[in-house]
Amino acid sequence: MKTWLNFQHLRYFQMIAQEGGVAKAAAKLRLGQSTLSTQLGQLEDQIGLALFERRQRRLFLTEAGRIALDYAGEIFKLGDELLDALHDRRDDFRLRVQIGALDAVPKAVVVELVGVAQAHAPCAISVSEGQADELLRALKAHEIDLALFNYQPAFERTGLMARLARRTPVVVLGAPGFAKLAKGFPQSLKGQPFVMPGSQSRLRHDVDHFLKVRGIPVDVVLEAQDTSLLTLLAAEGAGLIPVGASSADELERKYKLKRLGTLPDVHEELWLIAGERRIENPVAARLFKSFR
């Protein structure tokens with residue numbers, strides 16, 4: 001006869017292992033220690049193996065306990081995914097898609113991604129911005145479905161996937177007063193004011209490298225991660241701004257900026273990052289595979 005696993009007992013075992021003992025786990029679960037110990041014993045009896053061994057009045061996982069803890073994590077993670085997937089299908093039958101983006105990702109690209117998502121299927125979209133480590137943690141925890149980066153982040157491959165969605169040349173834009181710099185570009189940039197992404201930006205690193213190799217010193221008058229702020233400052237004449245060519249047309253039209261030239265061998269990349277899920281959000285999965 002098949003034995004059915006008691007998932008409540010498994011959850012209690014997981015809590016004991018995570019908290020390092022019955023007392024701490026009982027306090028967190030608001031259960032009596034004797035009750036928790038009894039249910040742990042019932043789980044061990046059910047599977048026929050000891051999950052902990054006691055040494056010097058402390059509990060240590062056995063080999064079976066370590067295996068069980070790994071499986072418990074996967075089981076409850078899958079349960080969370082199931083709830084997420086069901087919650088995404090709300091009363092109006094619209095899927096919920098949660099997208100994260102670095103501050104440095106051009107807002108026009110985020111708008112484009114949202115438009116493509118809504119063209120795929122009726123969906124309710126939530127967009128949030130954050131730092132790289134925050135977004136990667138949110139992806140692993142399935143708090144967001146997809147993230148936009150303007151560089152390839154370094155992460156342990158377990159649980160995450162990355163795809164290069166776009167690679168475009170980088171151009172320099174400026175207010176109309178800088179239009180004369182198009183002649184003799186890029187040497188004409190020497191000594192000119194720039195508003196730049198912060199030093200942690202891949203785009204900033206590549207632009208700095210280009211200028212250094214070409215012997216073109218510039219005056220960085222302001223740094224910011226928010227691309228909208230940089231664009232507004234450039235439109236006010238505070239300095240020149242490097243942007244991906246895919247965003248340049250809209251910025252020229254909307255903010256009356258002038259394109260001075262293209263930086264040879266400098267590119268802006270757009271990466272899509274997704275968490276591995278057994279129950280996929282179909283819109284997010286399609287975006288990850290097809291968005292260009």
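Among residues belonging to the stretch 120-152 that are surrounded by 13 or more Cβ atoms within 10 Å (Cβ to Cβ) and of a type in the set (Asp, Glu), point out the one that is farthest from Pro106 (Cα to Cα).
Ranking the qualifying residues of the stretch 120-152, first place goes to Glu143.
Per-residue answers, yes or no, for (1) small (Gly, Ala, Ser); (2) under 20 Å from Asp80 (Cβ atoms); (3) at pLDDT below 90:
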residue	(1), (2), (3)
Arg253	no, no, no
Lys258	no, no, no
Leu263	no, no, no
Leu272	no, no, no
Pro282	no, yes, yes
Arg292	no, no, yes
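Can you find, within the stretch 153-185, the residue that is farthest from Ile273 (Cα to Cα) among those that are assigned to a loop (DSSP other than H, G, I, E, B) and open to solvent by less than 20 Å² (accessible area, probe 1.4 Å)?
Ala175
Return yes when Glu268 is touching a Gly at 6+ places or on another chain (Cβ under 9 Å), over 15 Å from Glu112 (Cα atoms) and not in a helix (DSSP H, G or I) and no when it is not.
yes
So, in the stretch 273-292, exactly how many residues are surrounded by fewer than 17 Cβ atoms within 10 Å (Cβ to Cβ) and either among the small types (Gly, Ala, Ser) or in contact with a Pro (Cβ under 8 Å, 6 or more places away or on another chain) (or both)?
Qualifying residue count for the region: 2.
Could you tell me whether any residue of the stretch 191-214 is of a type in the set (A, V, I, L, M, F, W, C), without any contact (Cβ under 8 Å) to a residue 40 or more places away in the chain and either farther than 29 Å from Asp145 by Cβ or open to solvent by 60 Å² or more (accessible area, probe 1.4 Å) (or both)?
Looking for residues that are of a type in the set (A, V, I, L, M, F, W, C), without any contact (Cβ under 8 Å) to a residue 40 or more places away in the chain and either farther than 29 Å from Asp145 by Cβ or open to solvent by 60 Å² or more (accessible area, probe 1.4 Å) (or both), one finds at least one in the stretch 191-214, hence yes.
Working only within the stretch 230-250, note down all residues that are open to solvent by 30 Å² or more (accessible area, probe 1.4 Å) and either at negative phi or in a helix (DSSP H, G or I) (or both).
Residues satisfying the conditions are Leu232, Leu233, Ala235, Glu236, Ala238, Ser246, Asp249, Glu250.
Looking only at residues in the stretch 251-272 that are at positive phi and not acidic (Asp, Glu), which one is surrounded by the most Cβ atoms within 10 Å (Cβ to Cβ)?
Residue satisfying both the conditions and the ranking: Gly261.
Within the stretch 54-68, restricting attention to residues that are open to solvent by less than 80 Å² (accessible area, probe 1.4 Å) and not in a loop (DSSP other than H, G, I, E, B), which residue is nearest to Phe7 (Cα to Cα)?
Ala68
Just to be sure, is Gly198 in a loop (DSSP other than H, G, I, E, B) and under 21 Å from Thr168 (Cα atoms)?
Criteria met by Gly198.
Any residue that is out of contact with any Phe, Trp or Tyr (no Cβ under 7 Å at 6 or more places or on another chain), at pLDDT 85 or above, aromatic (Phe, Trp, Tyr) and part of a helix (DSSP H, G or I) - is there at least one of those in the stretch 69-82?
yes
If a residue has to be surrounded by 14 or more Cβ atoms within 10 Å (Cβ to Cβ), under 34 Å from the mean Cα position of the chain (by Cα) and closer than 19 Å to Glu74 by Cα to count, how many in the stretch 10-49 make the cut?
So the answer is 9.
The values are calculated or read from the model by the stated rules, or taken from the named source; none is laboratory data. Here the structure is a predicted model, which is why all the values come from computation and not from measurement. With ideal geometry, Cβ positions are generated from the backbone for all residues, glycine too; neighbour counts draw on all protein chains shown. When the accessible area is computed, the model is the full protein with side chains, heavy atoms only, and any ligands, DNA or RNA have been set aside. Shrake-Rupley method; radii C 1.70, N 1.55, O 1.52, S 1.80 Å.
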